[in-house]
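Step one of this worksheet: look at the structure below.
The values are calculated or read from the model by the stated rules, or taken from the named source; none is laboratory data. Computed from a predicted structure; not experimentally measured. Here Cβ is always computed from backbone atoms with ideal geometry, including for glycine, and neighbour counts include all displayed protein chains. These accessible areas exclude ligands, DNA and RNA; they are computed on the full protein's heavy atoms, side chains included. Shrake-Rupley method; radii C 1.70, N 1.55, O 1.52, S 1.80 Å.
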Amino acid sequence: MLTGVHTLIYSSDPAATRRFFQEVLRWPCVTEGKTDEPEEWLIFRMGPSETGVHPTIGPGGEKWGDEGQHWISLMCNDLGATMAELSGRGAQFDGEPRDMGFGTGIELLVPAAGRILLYEPKHPVALNP
């Protein structure tokens, strides 16, 4: 029986990324001080999740992605309010929110780990309200 989804984010500075998750996103760490694993391998509780499956080629023949490509996105109910809250804790974003068809989104800059899409979905979600 499957019990969940485990995602990995690789970082050139795990301590900076870990601080961002703890202090800015306020994700609780479920392993800190409870395991013999290296501190770079901390596991965070992220909340509910869902998985979408998308084609690599769009209906007009445009490339949407590569086989084996995987993406992490964070969803919220109110993008403007979430951006303001996260900005108040030091988060930075790339550009301005834009309509992406499936929702309104913006890239959240994660220290030493690149970007994660933050979006307010327009599509039906698999999460409990």
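Give the angle, between 0 and 90 degrees and rounded to the nearest 10, that separates the Cα long axis of helix 79-88 from the longest principal axis of the Cα atoms of the chain. Approximately 30 degrees, to the nearest 10.
Rolling a 1.4 Å probe over the protein heavy atoms leaves Val30 with an accessible area of roughly 50 Å². Averaging over all projection directions, the Cα-based convex hull of the chain occupies 10.1 nm² in the image plane. Near Leu74, the amide H atoms lying under 5 Å from its own belong to Leu117, Leu118, Tyr119; only residues 5 or more places off or on other chains count, and H is placed 1.01 Å from N. Each residue of region 53-59 is assigned a 3J(HN,Hα), and the resulting list reads 10, 10, x, 7, 10, x, x Hz, derived from the Karplus form 6.51 cos²θ - 1.76 cosθ + 1.60 (θ = phi - 60°), x at Gly and Pro. Here the chain carries DSSP beta bridges of which approximately 85% are antiparallel, counting only pairs with both residues inside.
The simple spin-label model puts a point 7 Å past each Cα toward its Cβ; for Glu62 and Arg115 those points are separated by 1.6 nm. The H on the amide N of Phe44, modeled in the peptide plane, is under 5 Å from the matching H of Val30, each at least 5 residues off or on a different chain. By the helix-only formula, in which each DSSP H run with n ≥ 4 contributes -39500 (n - 2.57) and the sum is divided by residues, the chain has a 222 nm mean residue ellipticity of -3500 deg cm²/dmol.
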